[in-house]
Structures are given as structure tokens and as C-alpha cells.
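What follows is calculated from the coordinates using simple rules that are stated; it is not laboratory data. This structure is a prediction, so every number in the text was calculated from the model and none was measured. Every residue, glycine as well, gets a Cβ built from its backbone with ideal geometry; the counts of neighbours run over all protein chains shown.
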Amino acid sequence: MRSIRSLLMVGVVGLFCGSAGAVDVPWDGDNGWKQWHPHRDVKAISVVGTQTYFGSGKDVEVDAAPVVADVMPAVAVAPEPVKVQCPGSPPPKGVKLDAEGCWVIDPVHFDFNKAQIRKLDKANLDGVAKALLENPHIVLDVNGHTDARGSDKYNQGLSERRARAVTDYLVKKGVDRGRLLNTGYGEKKPVDDNKSKKGRANNRRVELAPKRR
């Protein structure tokens, strides 16, 4: 059978030539079709449309042609807009809004080694209390801080007393204590340089952060 196939091929080799991309696959009685190199003294006929090839020549291993997957181009998906969890009513006195409509509340500052609310900060807290009463879905983080003078242990206690003083003031104005979440941070989170008088004054504060509950 092998010799008959070779003779048939010789008769038609003038009509069909292996294209540059053809892969010759002769019959192997034991293993079926076998890949052959398309060049190097190989006589071939090919049916390119079905990628079926016949031929005889030198047995040379070749890599199979790569298969190109039909991949759809990636489509960019726009992220969903972030829903800002901020109060919607106009800000009362002492409460400003940022570009996203969130409250920007000025911190309450304290004298050195004190936890009493200063007179100049009461107007700010009165506005905060009014805003909370008008927005019952809002709770308030009340975070106390100190400057770096004094021991860590003492400053931790002082920051907690400052946070509690602000909470007590708001409760007296009618705010439910359960909506006020006290935390003391001591001197761990300065916003300014503790080496200067002005920096230390800025660090002696209570920050108020509203959020939805």
C-alpha cells in the first residue's frame, strides 16, 4: 500500500504543490496520520481548505499551528456612583457642608490639661445639637485627643474626659446619648507638630464625625 500511494503522488505532484504553510501528514500504519515538515525535500499534495495533507519525505517533528481564539474585545464598565451617606438638610449654624453634601464640623478645642467646654466652642456645639435633632438617622463619633505633654496613660484618660464632656453637652441640648459614640485616642493621632505652642493647641481637641446608623 505504501508504494502505491507514493506512485499516485508522483503523478499528481505537478498539479498540487505544498503551500508554504502546509504540514505534510503521511500515513503511518501503526499510528495513523503523522506530522511531517513542509520543506526539506518533501514532495506533497495538499487540500488547504480542509487542512488535510498527504506526502512522503523526511520525518521531522514540527509544532502544531497555533489556534487563535475568537475573543471579544473587553468592554469597559463604568463604576457605579458612590452613594454618599450624608445628611440632606441644610446645615444649621456651626455645620458646613463639603462638596459631597457631608457635614464638616469644626473640632472642639481645649485649654492645656483641661476638659471643660470653652465658651467660644458652645455656639459650634449648639449647631451640632440642632442638626442631630433634625436628622434622627445620624449618629456621631466623638473622638477625644491631647497634645504630647504628659504620660501616655494620663493623656489617654484626658482624651476620654474631653470626649465625654462634649457628649454631656450635646445630651443637655436634647440629643439621645445612644447616638453619641465616645472614643479617646490620647496623643496617638496629632494633626499638628507638638513642638510648637500653636501645634499643641491644635492637637488638644475633640473631633465630631457624623454617619448614618
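Some notes on this structure:
- Think of the stretch 139-213 as having a plus end and a minus end, set by charges on the Cβ of Lys, Arg, Asp and Glu; of Leu180, Ser159, Gly199, Leu180 sits farthest toward the positive end of this dipole.
- Net charge of Cβ neighbours under 12 Å - reference Thr167; Lys, Arg +1; Asp, Glu -1: +3
- Evaluated with a Cβ-only charge set (Lys, Arg +1; Asp, Glu -1), the stretch 169-213 carries a dipole of roughly 140 debye about its Cα centre, given to the nearest 20.
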